[in-house]
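Notes follow the structure.
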Amino acid sequence: MTSSIVRAVCPHDCPDTCALLVTVKDGIATEVKGDPDHPTTAGVLCTKVARYTERTYHPDRLLYPQKRVGKKGEGKFVRISWEEAITTIATRLKEIAARNPLAIMPYSYAGTMGLVQGESMASRVLNRIGASFLDRTICASAGGAGYKYTLGDRIGTDVEQTQNARLIIIWGGNPIASNLHFWTRVQEAKRNGAKIIAIDPYRSLSAEKCHQHIAVRPGTDSALALGLMHVLIQEDLLDHDYITQYTVGFEQLKQRVAEWTPEKVAEICGITAAEVLGLARDYGAGAKRGEPSLIRMNYGVQRAHGGGMAVRNISCLPALVGAWRHAAGGALLSSSGGFVKNSATLERPDLFPSGQPSRIINMSDIGNSLLQQGSPEFGPKIEAVLVYNSNPVAIAPDSSVVARGFAREDLFTVVLEHFQTDTADYADILLPATTQLEHVDAHAAYGHRYMMANNAAIAPMGEAKSNTEIFRLLAKALGFDDPCFNDSDDQIAAQAFNYQHPRTQHTNWEQLKQQGWSKLQMPEAAFAHGGFTTPSGKCEFYSQQMEVAGLDPLPAYVAPYESVVSNPALAERYPLSMISPPARNFLNSTFVNVQSLRDTEGEPHLDMHPDDAAQRQIAAGDMVRIFNDRGSFVAKARLTDKARAGLVVGLSIWWKKFASDHKNANEVTSQQLTDMGGGPTFYDLLVQVEKV
């Protein structure tokens with residue numbers, strides 16, 4: 001028996017990007033463990049990835065190419081050869097491109113976060129075709145835009161400093177479920193005497209374990225941040241030296257927040273004025289004492305109409321109190337901006353046909369786009385979609401419209417997948433893709449500062465091929481002869497990072513493969529002396545960029561599209577707000593088909609405050625229908641005060657095929673977009689609930 005341990009990386013859409021050690025015996029992966037030497041993984045994996053072999057060797061793995069033989073959505077396929085699959089795809093794409101290549105589009109996101117199996121060879125092929133571009137907004141674009149206007153690149157506090165903070169505010173996240181290794185450091189800080197505060201409409205697993213939970217209404221976070229700034233300025237809980245040296249627009253900000261009294265904020269947010277005052281004083285007074293204060297924002301904050309402004313407003317707070325002076329102070333939304341990627345080399349936008357018009361399709365309103373007729377404004381009707389690293393029929397908002405779009409008989413759909421997902425059921429050609437244990441990849445992270453290398457641990461299962469190999473075959477069938485289409489995965493991985501940059505010049509791809517990971521060379525306290533990557537080089541309370549873009553250049557409040565306060569007429573029919581944060585045992589729609597994890601999660605539930613349930617004669621365990629004008633789904637009621645009154649919570653995202661009504665929470669979500677960044681508004685909706 002031969003045995004080895006292979007260095008790998010968790011590929012999923014999670015800030016932790018764990019370093020893995022894969023035990024392989026006689027060509028079979030027998031165990032996946034966290035690397036104990038990797039400083040952030042520290043040998044610990046979440047319940048999902050600890051069972052990664054269960055997913056890789058799942059009996060339902062797609063192992064052969066298939067073509068559809070039933071109606072779209074029925075999921076009926078027959079096996080075909082790779083030659084037939086690639087020839088069919090190339091023939092159809094050539095026909096469509098001859099009419100207008102913009103009628104072809106990709107749909108992909110973070111099924112893998114890898115720089116090789118993500119947007120490298122796939123983008124090269126699609127650029128060479130001249131296909132429509134996809135604006136990949138489904139997760140982070142609104143918050144990213146708000147952060148960039150205020151602080152620049154997505155660079156923040158090093159997660160390895162968390163345990164040294166004295167106050168930690170977890171704003172819009174549930175790290176027990178979605179940022180485990182940050183949470184372990186939060187617990188260490190707590191043992192060291194730090195105060196931990198959660199701001200979240202829902203008392204999540206994490207919020208339950210904090211010293212304080214402030215349950216704001218969904219979509220009102222920007223108002224709370226304005227109220228905090230009001231108190232900090234009014235009570236002079238400020239670092240005047242930091243403000244003078246490293247910020248712009250303080251006087252305008254001071255005027256703007258003057259009206260945002262704790263009483264006004266409390267009314268909008270559905271909390272008490274005392275909570276606003278207490279939080280501001282905890283934050284400002286601690287900074288005055290020279291104690292590090294850390295705000296950990298997560299993406300729940302930005303899934304409402306004013307999501308970009310919410311992140312912008314929160315991002316102003318550390319500069320006001322000088323929290324950036326401390327390595328354990330400041331804020332963290334994402335660390336992704338620290339990685340110096342060679343995106344142009346990976347994706348080759350220069351291959352796009354010279355002189356051809358381009359078009360951008362926003363993935364957050366894919367349902368409307370698929371049903372849109374061709375016009376001078378929209379461009380050609382979409383005739384072909386290549387789906388990889390995503391499951392839009394389950395995860396995209398306004399799901400019934402998305403499904404209608406993919407059900408079009410005149411739409412040619414190719415899906416690269418590990419399993420027959422809800423989206424795969426609509427494919428014309430369904431291709432088996434390799435999992436992370438079966439291919440090479442290079443990874444950045446958005447929760448720590450380590451470049452990562454993934455080595456293939458086992459041979460591909462069945463006839464599965466990597467995304468890169470599938471698009472290489474397609475490039476050849478399309479007659480594309482640029483040398484870049486022959487790059488191997490190792491060659492692409494070696495191109496992923498700019499190894500000439502000061503942050504990365506200490507290593508290279510070959511070293512990274514051997515070591516598994518290497519930390520970016522960055523100051524521990526990134527902005528202790530300013531150095532923000534904004535046009536001014538400072539934290540911009542006043543943003544000229546925003547003014548040029550037609551946005552309010554100062555922090556403001558952007559009300560939700562749908563709430564009892566902002567839309568009382570709609571609330572008469574649909575009086576309950578709803579959010580659908582991640583279920584602990586799923587990662588977006590990944591892992592839903594792993595039986596042991598699905599058994600742990602149980603079935604789709606709706607958490608509901610007992611007072612709201614009593615008004616509707618709903619008892620614990622009743623099946624309920626959640627609905628609005630967009631659609632409906634059913635779930636089992638759980639009565640709990642974890643959900644504030646007026647709010648229902650559907651932990652997500654379930655595959656539709658595993659729900660009793662073959663629907664999920666995205667039946668009721670909206671395709672309306674955020675104030676900036678073009679992001680989705682998953683947590684900005686009103687519903688009614690009734691007993692089935």
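The values are calculated or read from the model by the stated rules, or taken from the named source; none is laboratory data. Note that the structure is a prediction, hence the values are computed from the model and not measured. So basically every Cβ, Gly included, is an ideal-geometry build from the backbone, and we count neighbours across all protein chains shown. Surface accessibility is based on the protein's heavy atoms, side chains included, excluding ligands, DNA and RNA. Shrake-Rupley method; radii C 1.70, N 1.55, O 1.52, S 1.80 Å.
Could you look through the range 7-25, keep only residues that are in a strand (DSSP E or B) and within 28 Å of the chain's Cα centre (by Cα), and pick out the one that is nearest to Ser518 (Cα to Cα)?
Ala19
If I go through the range 116-137 residue by residue, how many of them are surrounded by fewer than 22 Cβ atoms within 10 Å (Cβ to Cβ), assigned to a loop (DSSP other than H, G, I, E, B) and under 24 Å from the mean Cα position of the chain (by Cα)?
Selection size over the range 116-137: 2.
So, in the range 100-115, exactly how many residues are in a loop (DSSP other than H, G, I, E, B) and farther than 26 Å from Asn298 by Cα? Full working, then the answer.
Taking the range 100-115 and keeping what is in a loop (DSSP other than H, G, I, E, B), we get 100, 109-115.
With the extra rule that they be farther than 26 Å from Asn298 by Cα, the set shrinks to 100.
Here the count works out to 1.
Check Trp171 against each of (1) aromatic (Phe, Trp, Tyr); (2) open to solvent by less than 10 Å² (accessible area, probe 1.4 Å); (3) closer than 24 Å to Thr47 by Cβ and name the one condition it does not meet.
The number of the failed condition is (3).
Check the range 99-113 and report whether any residue there is within 22 Å of Cys14 (Cβ to Cβ), touching a His at 6+ places or on another chain (Cβ under 7 Å) and in contact (Cβ under 8 Å) with a residue 40 or more places away in the chain.
Residues of the range 99-113 within 22 Å of Cys14 (Cβ to Cβ): 107-113.
Keeping just the survivors that are touching a His at 6+ places or on another chain (Cβ under 7 Å) gives 113.
Add one more test, that the residue is in contact (Cβ under 8 Å) with a residue 40 or more places away in the chain, and what stays is 113.
Yes: the range 99-113 contains one or more residues that are within 22 Å of Cys14 (Cβ to Cβ), touching a His at 6+ places or on another chain (Cβ under 7 Å) and in contact (Cβ under 8 Å) with a residue 40 or more places away in the chain.
Looking only at residues in the range 436-462 that are among the charged types (D, E, K, R) and touching a strand residue (DSSP E or B) at 6+ places or on another chain (Cβ under 6 Å), which one is nearest to Glu83 (Cα to Cα)?
Asp441
Within the range 337-370, which residues are under 25 Å from Ala403 (Cβ atoms) and open to solvent by 70 Å² or more (accessible area, probe 1.4 Å)?
Within the range 337-370, Ile360, Asn368 meet the criteria.
Out of the residues in the range 26-60 meeting the condition of being open to solvent by 70 Å² or more (accessible area, probe 1.4 Å), part of a loop (DSSP other than H, G, I, E, B) and not aromatic (Phe, Trp, Tyr), tell me which one is nearest to Ile5 (Cα to Cα).
So, considering only residues that are open to solvent by 70 Å² or more (accessible area, probe 1.4 Å), part of a loop (DSSP other than H, G, I, E, B) and not aromatic (Phe, Trp, Tyr), the one nearest to Ile5 (Cα to Cα) is Asp26.
In the range 635-658, how many residues are modelled with pLDDT of 95 or more, part of a loop (DSSP other than H, G, I, E, B) and touching a strand residue (DSSP E or B) at 6+ places or on another chain (Cβ under 8 Å)?
Total satisfying the criteria: 5.
Determine if the range 631-640 includes at least one residue that is in contact with a Pro (Cβ under 8 Å, 6 or more places away or on another chain), open to solvent by less than 20 Å² (accessible area, probe 1.4 Å) and touching a residue at least 12 places away in the same chain (Cβ under 8 Å).
Yes, the range 631-640 contains a residue that is in contact with a Pro (Cβ under 8 Å, 6 or more places away or on another chain), open to solvent by less than 20 Å² (accessible area, probe 1.4 Å) and touching a residue at least 12 places away in the same chain (Cβ under 8 Å).
I'd like the residue in the range 537-548 that is surrounded by fewer than 20 Cβ atoms within 10 Å (Cβ to Cβ) and in contact (Cβ under 8 Å) with a residue 40 or more places away in the chain and, out of all such residues, is farthest from Ala223 (Cα to Cα).
So the first thing to find is which residues in the range 537-548 are surrounded by fewer than 20 Cβ atoms within 10 Å (Cβ to Cβ), and the list is 537, 542, 544-545, 547-548.
With the extra rule that they be in contact (Cβ under 8 Å) with a residue 40 or more places away in the chain, the set shrinks to 542, 545.
Values: Tyr542: 17, Gln545: 22 Å.
Per the criteria, the residue is Gln545.
Could you pull out every one of the helices (runs of 4 or more DSSP H) wholly within the range 496-615 that has 1 or more residues that are modelled with pLDDT of 95 or more and touching a Lys or Arg at 6+ places or on another chain (Cβ under 8 Å)?
On the way: elements: 509-515, 544-548, 568-573, 595-601, 610-615.
Helices (runs of 4 or more DSSP H) meeting the threshold: 509-515.
Take the conditions over 25 Å from the mean Cα position of the chain (by Cα) and open to solvent by 40 Å² or more (accessible area, probe 1.4 Å) and apply them to Arg573. Does it pass?
Criteria met by Arg573.
Does any residue in the range 327-349 that is without any contact (Cβ under 8 Å) to a residue 60 or more places away in the chain come within less than 8 Å, Cβ to Cβ, of a residue that is part of a helix (DSSP H, G or I) six or more places away or on a different chain, and which pairs are these?
Within 8 Å, the pairs are Ala344/Asp350.
Got a sec? Which helices (runs of 4 or more DSSP H) wholly within the range 366-480 have at least 2 residues that are among the charged types (D, E, K, R) and modelled with pLDDT of 95 or more?
467-477
Residue-by-condition table, conditions (1) surrounded by fewer than 21 Cβ atoms within 10 Å (Cβ to Cβ); (2) over 25 Å from Gly130 (Cβ atoms); (3) touching a strand residue (DSSP E or B) at 6+ places or on another chain (Cβ under 8 Å):
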{"residue": "Gln372", "(1), (2), (3)": "yes, no, no"}
{"residue": "Lys381", "(1), (2), (3)": "yes, no, no"}
{"residue": "Leu386", "(1), (2), (3)": "no, no, yes"}
{"residue": "Asp398", "(1), (2), (3)": "no, yes, yes"}
{"residue": "Leu416", "(1), (2), (3)": "no, no, yes"}
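For the range 290-307, name all the residues that are touching a Phe, Trp or Tyr at 6+ places or on another chain (Cβ under 8 Å) and either under 25 Å from Pro397 (Cβ atoms) or aliphatic (A, V, I, L, M) (or both).
Of everything in the range 290-307, those that are touching a Phe, Trp or Tyr at 6+ places or on another chain (Cβ under 8 Å) and either under 25 Å from Pro397 (Cβ atoms) or aliphatic (A, V, I, L, M) (or both) turn out to be Ile295, Met297, Asn298, Gly300, Val301, Arg303, Ala304, His305, Gly306.
Which ones in the range 323-335 are part of a helix (DSSP H, G or I) and open to solvent by less than 30 Å² (accessible area, probe 1.4 Å)?
First, the residues of the range 323-335 that are part of a helix (DSSP H, G or I): 323-325.
Selection gives Ala323, Trp324.
Among the residues of the range 1-25, count how many are exposed (fewer than 15 other Cβ atoms within 10 Å of the Cβ) and at pLDDT 95 or above. Break it down stepwise before answering.
Taking the range 1-25 and keeping what is exposed (fewer than 15 other Cβ atoms within 10 Å of the Cβ), we get 1-5, 25.
Cutting the leftovers down to at pLDDT 95 or above gives us 4-5, 25.
So the count comes out to 3.
So for the range 580-591 (the condition being touching a helix residue (DSSP H, G or I) at 6+ places or on another chain (Cβ under 9 Å), open to solvent by 20 Å² or more (accessible area, probe 1.4 Å) and among the hydroxyl-bearing types (Ser, Thr, Tyr)), does at least one residue qualify?
Looking for residues that are touching a helix residue (DSSP H, G or I) at 6+ places or on another chain (Cβ under 9 Å), open to solvent by 20 Å² or more (accessible area, probe 1.4 Å) and among the hydroxyl-bearing types (Ser, Thr, Tyr), one finds at least one in the range 580-591, hence yes.
Within the range 186-210, restricting attention to residues that are within 11 Å of Ile170 (Cα to Cα) and part of a loop (DSSP other than H, G, I, E, B), which residue is farthest from the chain's Cα centre (by Cα)?
Cys210
Those residues that are open to solvent by less than 30 Å² (accessible area, probe 1.4 Å), touching a Leu at 6+ places or on another chain (Cβ under 7 Å) and within 25 Å of Ser364 (Cβ to Cβ), I need them from the range 138-168; list them, please.
Residues satisfying the conditions are Gly143, Tyr147, Gly156.
Tally time: how many residues in the range 652-684 are open to solvent by 40 Å² or more (accessible area, probe 1.4 Å), over 25 Å from Ile360 (Cα atoms) and either within 16 Å of the chain's Cα centre (by Cα) or without any contact (Cβ under 8 Å) to a residue 24 or more places away in the chain (or both)?
The number of residues fulfilling the criteria is 1.
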